[in-house]
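Scroll down for the structure; my scribbles are underneath it.
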Amino acid sequence: MTGTLDMLVSGGPIIAVLLVLSLVSLTVIVVKAIQLWPVTSGKAARAAALETWKSGDRHGAQKALEAGKSPADRVTAYAMRAMTAGLKGAALEAELTRRGNEELASMNRMIRLLELIAMISPLLGLLGTVLGMIQSFQELALAEGAANASLLAGGIWQALLTTAAGLLVAIPAAVAASLLAARIENAAQNIESAVGQLMLADQNPNL
C-alpha cells in the first residue's frame, strides 16, 4: 500500500488526474454495461408477437411485447398501438423515427465520455513523462556533472510512470467503448428490423 502511495506522489498531479479519470471510466463502464445488457434481448418474443399480429390478434401481439426490456420491444409495441389506433403513413414513420432516435441517444449517453478518456489519457501520460524528463535533465544541468547515474535513472523512472498510467487508463476505456458501441449498433439494427417486418406484415398479411 505504501509503495502505491509513493508511486502516486512521485507521479505528481498528472497521476492524480489519471486516477480520477480511471475511477470515472470504471464507473461509466459498469453503469453502461448494466444499462445495455438487455438491449439486444427479446428477438424470439418479437417474432412470436409478429406471428400473432399476422393472425389478426393485434391486442395479443401488443400484450406480448409489453413486458419487453429492449428498445426494439418498446418501439415495436408503440408501432402496434399506433397502427391499431389508425395512425399510418408519413406521420407514423416520423414518430417511429423520433422514438428510435431517442432510444439510440439514450443508449449512446456517456459512450463519448469513455472515448474521450481513452483519447486523452495517453496524452496526459505523455505530458507527464515530458515534464518529468525536463525536470530530470534540469537537475542534471544544475548539478554540473556531479549527479550520479542512479539519480538520473530515478528521475526518468518517475517520468515514465505517467505514460504507463495513461495507457492503463486508456486501454480499458477504449475496449469498453468499442464493445458497448457494437452492442448499441446491434440494438439499433434490431429496432429497424422489427419495425420493418411489422410494416411489411401489415401491408401484406399473407406473407
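The values are calculated or read from the model by the stated rules, or taken from the named source; none is laboratory data. Note that the coordinates shown come from a computational prediction; the quantities given were computed from them, not determined experimentally. Cβ sites come from the backbone with ideal geometry, for glycine too, and all protein chains shown count toward neighbours.
Those helices (runs of 4 or more DSSP H) of the range 25-144 in which at least 2 residues are touching a Ser or Thr at 6+ places or on another chain (Cβ under 7 Å) and β-branched (Val, Ile, Thr), considering only elements entirely within it, cover 111-143.
Sort out which residues of the range 185-202 are surrounded by fewer than 15 Cβ atoms within 10 Å (Cβ to Cβ) and under 12 Å from residue 76 (Cα atoms), and write them in order of number.
Answer for the range 185-202, where residues must be surrounded by fewer than 15 Cβ atoms within 10 Å (Cβ to Cβ) and under 12 Å from residue 76 (Cα atoms): 192, 193, 196.
The set of residues in the range 28-55 being more than 11 Å from the chain's Cα centre (by Cα) and among the charged types (D, E, K, R) consists of 43, 46, 51, 54. Residue check: is residue 123 hydrophobic (A, V, I, L, M, F, W, C), at pLDDT 90 or above and exposed (fewer than 13 other Cβ atoms within 10 Å of the Cβ)? So residue 123 fits the description; yes. Among the residues of the range 22-37, which ones are in contact with a Leu (Cβ under 8 Å, 6 or more places away or on another chain) and either farther than 15 Å from residue 175 by Cβ or exposed (fewer than 12 other Cβ atoms within 10 Å of the Cβ) (or both)? Across the range 22-37, the qualifying residue is only 24.
Of all the listed residues (182, 174), the sole one being surrounded by 15 or more Cβ atoms within 10 Å (Cβ to Cβ) and at pLDDT 90 or above is 174.
A count restricted to the range 158-207 and to residues that are more than 20 Å from residue 118 (Cα to Cα), touching a residue at least 60 places away in the same chain (Cβ under 8 Å) and not hydrophobic (A, V, I, L, M, F, W, C) stands at 8.
Tell me, which residue of the range 91-105 that is surrounded by fewer than 13 Cβ atoms within 10 Å (Cβ to Cβ) and not β-branched (Val, Ile, Thr) is nearest to the chain's Cα centre (by Cα)? Step by step, filter the range 91-105, then rank; the result is 105. Within the range 38-90, if we keep just the residues that are without any contact (Cβ under 8 Å) to a residue 60 or more places away in the chain, under 20 Å from residue 186 (Cα atoms) and of a type in the set (Lys, Arg), the residue that is surrounded by the fewest Cβ atoms within 10 Å (Cβ to Cβ) turns out to be 69.
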